[in-house]
Amino acid sequence: MLPPSALLCDVGPRDGFQFETTPIPTPLKIATVRALADAGVPRIQATSFVHPGKVPQMADAEAVLAELDLAGPTVFSALALNRRGVERAAKAGVRVVDLSIATNPQHARDNVGMTVEQGVAEAEAMLAMCREAGMQAQLGFQTVWGYAEAEDTPLDLVVELARRFADAGIESLSLADSTGRATPVSIRRRVRAVQAAAPNVPLVLHLHDTRGAGLANVVAALDEGIARFDTSLGGLGGCPFIPGATGNIATEDTAALLDAMGVRTGIDVPAVAAATRHLVHLLGHALPGKLYTLV
């Protein structure tokens, strides 16, 4: 049985904009976030607190958040990858912080230069800081469906980590198909394994559409009871640390599919499509989403 409703989080203002090589003006970032909120997107990852030298597009995190209604009905979250990022998020008044750790040993070495266990220790320290600051935390597992090859991330390691953090007070657990290697079959298998290890923690799927299976994977996840997904307007984005990666499943495409299946999202699809078209005009290049050209 399909869930009656689904909660989408648009990560385009973070996961999407960080992939653009041309600097994005702060006012455009703010306008995009506001347009998504006005379109009924209930949760938006507005920015990230990362080193500006490594991800210069996110150097204006505080300036973006200062122009948003952080106490309003829309949840504006921000990514933090270390304790300094959590400190900045707390000072900026963020209610929900998105934390993220590697679950693939090679990806951990390539991306952050540490072992998985070192990343886990850092996450535990960040979670303690979030609790002290009164912030909720979503914990994300990267490359759950594989890094260099499909499913080369050990499932037993993912399950072990899910079990380890199940009682850590996290708001939710996000499973990322960072390289877009998941299939409906592997979605079902890995989701079921994590659900068994952390039955009381809401699961979120962060699906990149690199190989075109994103929406098929959404349908498979719905069958497993998953009702929260990360999306990106127009499919904006990619990952600067994963060659060839494209953006997340498009917000308007995902919302339209869910609504057509009777799974309520509360999102105004034409309004998101209009925001995407405006963004395409300003960025000067097309995006991989489908519906923004049709509605």
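Residue separation of ARG164 and ARG188 scaled by 0.36 nm, minus their Cα-Cα distance, works out to 6.5 nm of gained length.
Comparing LEU233, LEU203, LEU257 in a Gaussian network model of the chain (Cα springs below 10 Å), the most mobile by mean-square fluctuation is LEU257. Among the GluC sites (Glu not before Pro) within the range 51-102, those in coil by DSSP and having at most 16 neighbouring Cβ atoms inside 10 Å are GLU67. For the range 27-98, which trypsin sites (Lys or Arg not before Pro) are in a loop by DSSP, counting at most 15 other Cβ atoms within 10 Å? Sparse-neighbourhood loop trypsin sites (Lys or Arg not before Pro): LYS54, ARG95.
Hydrophobic long helices, here whole DSSP H runs in the chain with Kyte-Doolittle means of at least -0.5 and Cα atoms spread over 24 Å or more along the helix axis, are found at 116-133. Of the residues THR276, THR47, THR26, the one that moves most in a GNM of the chain with alpha-carbon contacts below 10 Å is THR26. Go ahead and estimate [θ] at 222 nm for the chain from helices alone: -39,500 (n - 2.57) per DSSP H run with n ≥ 4, summed, over the residue count, rounded to 500. When only DSSP H runs of four or more count, the value is -12000 deg cm²/dmol.
Between LEU2 and ARG131, the contour length at 0.36 nm per residue exceeds the Cα-Cα span by 43.1 nm. For the chain, a simple Cβ point-charge model (Lys and Arg +1, Asp and Glu -1, everything else neutral) yields a dipole of about 40 debye relative to the Cα centre. Cα centroids of the range 1-70 and the range 132-183: 21 Å apart.
Each value in this text was obtained by applying a stated rule to the coordinates, not by laboratory testing. What you are looking at is a predicted structure, and each value in this text was computed from that prediction instead of being measured. Glycine also receives a Cβ, built like all others from the backbone with ideal geometry; neighbour counts cover every protein chain displayed.
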